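Okay, structure first, notes after.
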Amino acid sequence: MTTKLFGTKVPRVEDQRFLRGQGRYVDDLLTDDPRLLHAAVLRSPHAHARITDIDVSGVLDLDGVVAVWTFDDLTGPMAEPLPLLIPHPALTHGRTQYALAKDEVNYVGEAIAFVVAVDRYVAEDAVARIRVDYEQLEPVVGIAAARAAARLVHDDVPGNVGARMEQENGDARAAIADAPHTLTLELDVERSACTPMEGRGTVARWDPDTSRLTVWSSTQTSTGVRGCVAAKLGLDLAKVDVITPDVGGGFGVKINHPWPEELLVPLAAMTLGRPVKFTEDRREHFISSAHERAQVHHVEVGFDDDGRVLGLNVEFWHDHGAYTPYGLIVPIITSTQLLGPYKPQNYRVVFESLYTNTVIVTPYRGAGRPQGCFVMERTMDAIAAYLGKDRTEVRSTNFIQPDEFPYEHGLVFQDGRPLTYDSGDYPASLAKLKELVGWDEFEDFRAEMAAQGRRVGIGLACYVEGTGVGPYEGAHVHVETSGKVKVATGLTTQGQGHQTAFAQIVADTLGVRFEDVEITTGDTRKMPYAVGTFASRAAVMSGSAIHLAALRAREKALRIAAEALEAAEDDLEIVDGVVSVKGTDASIDLGTVAVLSNPLRYAFDEASKAATQFSVGDPGKAPVAEDDEPGLEGKDFYSPERSTFANGMHAVIVETDPDTAEITILKYAVVHDCGHLINPMIVEGQIHGGVAQGVGGALYERMAYDESGQLLNASFMDFLMPYVTEVPTTIDIDHLETPSPLNPLGIKGAGEAGVIPSAAVFAAAIEDAEGFPITAMPISPSELFDLRLAHADNSFAG
Amino acid sequence: MKPAPFAFLRPATLEEALAALAGEPGAKVLAGGQSLVPLLSMRLAAPSMLIDINALPDLGHVTPDATGVRVGALARHAHVLASAEAAEVQPLLALALSHVAHPTIRNRGTTVGSLVHADAAAEMPMVLRLLEGSVDVESVRGRRTVPAGELFAGPLESTLAHDEIAVEAFFPALPAGAGVAFQEIARRHGDYALVGVAALVETDGGEVTRARLGYVSVSDVPVVVDVTDALDDPAAAALAELEPADDIHATAAYRAHLVKVLTPRVLADAVHHARQRSAQKDEKDMA
Ligand SMILES: Cc1cc2nc3c(=O)[nH]c(=O)nc-3n(C[C@H](O)[C@H](O)[C@H](O)COP(=O)(O)OP(=O)(O)OC[C@H]3O[C@@H](n4cnc5c(N)ncnc54)[C@H](O)[C@@H]3O)c2cc1C
């Protein structure tokens, strides 16, 4: 390599394809196949009801309808509840739904019947003809109703409590009782959702000639889907291939699996002997995929005159919806990641995870951290307000210091390992942020704006994010005789730019041209052992695995080249795909080395002819030595001891209109530390996207359920995802690079960071502008107006 | 989200379209499709037949003259918005249209379709009422002119008979000495307004002789309030005739508050506009 690509802003190679509309998503597949059938799902119109009868007799005689399934048509493992993916001892009352509802429905949108027809139009016509008799039950909607438990979601789950979990380090309640100052806060965050551009989708084809099932799914884990399809349909794993084509965004919702359709589509394809496709539409995505974020928190904090937290006691209630397929991951993350960059001396956290008759909750980008960050940062701001101190000063007082790493919190993290931070420099990050946003000059700005009758406020929020959770990821690097390098890693990609970032790593490690590297992700035929893309783990896990695999390929290349060139390995270098003896003309192309690595040498190509001038191998021995393999390949797995912890701090300046209560963003600043940056442009893109999504979560989006459990805004007309006009036009970003000691590249995850502090940072800035506490997010102008009225009344009364 | 089955007809002449419409009680007219297609896809509407009027000749015009602006049934919002002559004759058109949805939707959606769709959250029905314009409709029974005051029957309901096609809207010109203004507050740029207010003010020698206000999203049908005699507190006069309601985006109280905030602003803007125009006219007359 002449120039190192790691750390440079290499333009994303995938953008040409995506921006020209040449991406291939699930819905684009098999469109030319005249045998392709289409599925539609009958979904419950009621939040809570018993099914007393389903009559499908009006359906099959509809022209174009091929088949219909209800629960009664399912057998074997398909007739059992869907898997509970991540069990936990604290999840004493875990429940999952059936692929098709059995006897009872527990949210509007729950799948009841599955129709396959010649096209989606006919399939929907058929769905409309199915008659279901329901005995309606009273629904449980919202955390208050779940806690009150006047009604139960599941008859056999007392109090609607799926789990109760407690962790403590020290004695928080005693420390609070002894502290010079104490505060109590009630903090709420509402529901939102990932809402990727592309919803869920699955296509399956059964090949009777080879008895193999191929499934394409818009998923964040193709190996996971493969495992469950094989298990549920009773197939040998070797008979099932799962391929993830281009995915139009995931943000967490596609890590949950199997979705009912991910099983029903393959079942239909096998049963009918024809390929079947299901493409979720937008309304379905709102009511039958997953949501996140709804939590209610009660905080007690004790602190000293400097604002040092002596004891923190947090109780919270998590609304997990009607079922718990993804276990307790979200509330566990809140309860552990809430601490951010701080070290409360004593910390206790207890949560209840509650059933409601609403869509299930699974991780959404940030996954419980936005709520935790909201709780901790609102608490820091409350302490500062109480003591009359600068908000940055109180934070500094509580920071873990750079010389305290690795830092043990005395808690257990989401991966079941001790919560141990590996590295970071929080004081340096804060100094950068203050500089970037103009923290110390803000009072002048406030006065200047006030003179014009304008009202502004500033807020900041800090977070630490455990990224790159295990258990492992693998990679396979194969140098072809053409010199082209084919790399496979098993996790999936949904727009992050893995082709670019991973190729940068390979180009550097192996010494090949970036253009010669092709990355395949999410294809179980190429890499059957893999976990998935979530928890900001792809760069850390697959990036490291790819690096290790490329090192192995490099080692082998040097060994063979040394023999061919009759030189010592140490004297060789690999640059742009050519191995040469340093300081001489003697060289050999990597492609030629690949030819030499394989004793079967039919001369198909130029590389093979070129190879004839070299000789390797000992004619007295077996052509493939005992501990060797043919081919120039490297394969390796990366499995870290524990997660690596990235961190960042955001600040925002907002203007609140004194008359209309509209909220405008004037400046948004981010300091971000994810260790070494593979590609700063991609990292910044991730931050931009995260901030945009965070603006949505803080100021626009919510799931508007009514008391009967109907989602009133199940469309992009009423679910207010921000347009480009609502997102800040510039986001000032500064990086700190504190490498992780846990992986060979010193990297940390960056995918979720941008969205974590949004609720906290906007609440802080609006509070600063308005002068009264903001304790619930998101907030709309109408709600800000209500708060103004309430506080005007209060100040009048007081 | 796929429509229920329907027959589709794309007639080449208005006569053919009118005959088909008269012969099929379950038929609906398709113009730009920006309101109708989402309703079909969500199966909130299931017409037996769509009569697509996009191939009809001579309906795409935007024709300004001294009396006002005539807008054909196939003139897109974008086309009306882009007409400098139309903006000259009646400035309120462009002021309001720039708040109607986003460019892509304005490229397809028709202004006449918006009037017939009769959404009280839409800008143009209110504008037509405020300006006291009209819509010409045709059916196999003949042609008639419906004054704006008689066009809106209820929420999303116009007074057109099932067999009628609106062929042209007429927005009267802004008289000398008059001014207009428009402001709205929406959750996101291009969304339907939480509250929108337009004003039409006539002046004589700088004094207001007539003042009327039009409101978006605070009633079931487009409402126009005459505040000529209530200039000291026009918002109170307006609120007496409006019915702001709660929805998931805003409370009724907040909407009422926005009426109070926006009304004096918009009225002042319109008065300013009227005086500016009078001053410009005086200058011209002097020259
Ligand atoms: C995302 C989005 C945002 C929008 N935001 C706004 C907004 O902020 N403000 C706003 O005002 N509008 C908004 N609209 C609506 C848009 O302006 C529509 O285009 C318009 O309301 C209807 O015009 P159309 O030509 O699309 O009518 P269509 O959708 O084709 O028809 C609408 C209805 O009118 C009938 N119809 C149409 N033309 C005729 C005719 N000539 N004679 C008889 N009947 C007819 C149809 O049968 C149908 O019932 C938005 C639309 C979208 C999709």
| field | Of the criteria (1) within 14 Å of chain B (Cβ to nearest Cβ); (2) in contact with a Ser or Thr (Cβ under 6 Å, 6 or more places away or on another chain), which one A:D125 fails | value | (2)
| If you scan region B:171-194, which residues turn out to be within 15 Å of the chain's Cα centre (by Cα), part of a strand (DSSP E or B) and either within 14 Å of chain A (Cβ to nearest Cβ) or within 13 Å of the ligand (Cβ to nearest atom) (or both)? | B:F182, B:Q183, B:E184, B:A193
| request: For A:D125, state whether it is among the charged types (D, E, K, R) and surrounded by fewer than 20 Cβ atoms within 10 Å (Cβ to Cβ). | output: no
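Among the residues of region A:659-687, write down those that are within 14 Å of another protein chain (Cβ to nearest Cβ) and touching a helix residue (DSSP H, G or I) at 6+ places or on another chain (Cβ under 8 Å). Give the steps one after another, and end with the answer.
Within region A:659-687, the first condition is being within 14 Å of another protein chain (Cβ to nearest Cβ), and the residues that meet it are A:659-665.
Residues satisfying the conditions are A:D659, A:T660, A:A661, A:E662, A:I663, A:I665.
Condition test on B:V216, is it touching a Leu at 6+ places or on another chain (Cβ under 6 Å), among the aliphatic types (A, V, I, L, M), more than 12 Å from every other protein chain (Cβ to nearest Cβ) and closer than 25 Å to B:G149 by Cα? Full working, then the answer.
On the way: touching a Leu at 6+ places or on another chain (Cβ under 6 Å): no; among the aliphatic types (A, V, I, L, M): yes; more than 12 Å from every other protein chain (Cβ to nearest Cβ): yes; closer than 25 Å to B:G149 by Cα: yes.
No, not satisfied.
Mind checking whether some residue in region A:206-219 is β-branched (V, I, T), crowded, with 17+ Cβ neighbours inside 10 Å and over 27 Å from A:P363 (Cβ atoms)? It would help to see each step written out before you state the result.
Pass one, region A:206-219, residues β-branched (V, I, T): A:210, A:214-215, A:219.
Now restrict to residues that are crowded, with 17+ Cβ neighbours inside 10 Å: A:214-215, A:219.
If we keep only those that are over 27 Å from A:P363 (Cβ atoms) as well, we get A:214.
So far as region A:206-219 goes, yes, one or more of its residues are β-branched (V, I, T), crowded, with 17+ Cβ neighbours inside 10 Å and over 27 Å from A:P363 (Cβ atoms).
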| task | Identify, by number, the condition in (1) within 15 Å of the ligand (Cβ to nearest atom); (2) in contact (Cβ under 8 Å) with a residue 60 or more places away in the chain; (3) among the acidic types (D, E); (4) not in a loop (DSSP other than H, G, I, E, B) that B:E202 doesn't meet. | result | (1)
| From the options A:T775, A:T738, residue that is in contact with a Ser or Thr (Cβ under 8 Å, 6 or more places away or on another chain), more than 14 Å from chain B (Cβ to nearest Cβ) and either farther than 30 Å from A:E435 by Cβ or hydroxyl-bearing (S, T, Y) (or both) | A:T738
| task | Select from region B:3-21 the residues that are in contact (Cβ under 8 Å) with a residue 60 or more places away in the chain, more than 9 Å from the ligand (Cβ to nearest atom) and crowded, with 17+ Cβ neighbours inside 10 Å and list them in ascending order. | result | B:L14, B:A17, B:L18
| query | What number goes with the only condition from (1) surrounded by fewer than 24 Cβ atoms within 10 Å (Cβ to Cβ); (2) in a loop (DSSP other than H, G, I, E, B) that A:P325 does not pass? | reply | (1)
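Considering only residues that are charged (D, E, K, R) and in a loop (DSSP other than H, G, I, E, B), look in region B:130-158 and name the one that is farthest from the ligand (Cβ to nearest atom). Give the steps one after another, and end with the answer.
Taking region B:130-158 first, the residues charged (D, E, K, R) are B:132, B:136, B:138, B:141, B:143-144, B:150, B:157.
Going one step further and asking which of them are in a loop (DSSP other than H, G, I, E, B), we end up with B:132, B:141.
On the way: B:E132: 19, B:R141: 15 Å.
Here the answer is B:E132.
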| Across region A:476-487, which residue is farthest from A:S222 (Cα to Cα) among those that are of a type outside the set (S, T, Y) and surrounded by 24 or more Cβ atoms within 10 Å (Cβ to Cβ)? | A:V479
| Some residue of region B:57-71 being outside the structural domain of B:R212 (by TED's automatic domain parsing), surrounded by fewer than 17 Cβ atoms within 10 Å (Cβ to Cβ) and within 23 Å of B:P222 (Cα to Cα) | no
| note | Among A:P77, A:P81, A:P87, A:P34, the single one that is without any contact (Cβ under 8 Å) to a residue 12 or more places away in the chain and in the same structural domain as A:R131 (by TED's automatic domain parsing) is A:P34
| task | Looking only at region B:246-264, decide whether some residue is modelled with pLDDT of 95 or more and more than 14 Å from every other protein chain (Cβ to nearest Cβ). | result | no
| Which strands (runs of 3 or more DSSP E) does region B:22-129 wholly contain that include 1 or more residues that are more than 12 Å from the ligand (Cβ to nearest atom) and more than 14 Å from chain A (Cβ to nearest Cβ)? | B:62-65, B:68-72
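Which of the residues spanning region A:297-320 are surrounded by 24 or more Cβ atoms within 10 Å (Cβ to Cβ) and within 23 Å of the chain's Cα centre (by Cα)? Lay out the reasoning, then the answer.
Quick first cut of region A:297-320, residues surrounded by 24 or more Cβ atoms within 10 Å (Cβ to Cβ) only: A:297, A:301-303, A:309, A:311-312, A:314, A:316, A:318-320.
Across region A:297-320, the qualifying residues are A:F316, A:H318, A:D319, A:H320.
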| region A:712-735, residues that are closer than 18 Å to A:G754 by Cβ, within 12 Å of chain B (Cβ to nearest Cβ), of a type outside the set (A, V, I, L, M) and not in a loop (DSSP other than H, G, I, E, B) | A:E726
| Residues that are surrounded by 23 or more Cβ atoms within 10 Å (Cβ to Cβ) and away from chain B (no Cβ under 14 Å), drawn from region A:688-711 | A:G690, A:V691, A:Q693, A:G694, A:G697, A:G709
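The values are calculated or read from the model by the stated rules, or taken from the named source; none is laboratory data. This structure is a prediction, so every number in the text was calculated from the model and none was measured. Heads up, the Cβs are rebuilt from the backbone with ideal geometry, glycines too, and the neighbour counts pull from every protein chain shown.
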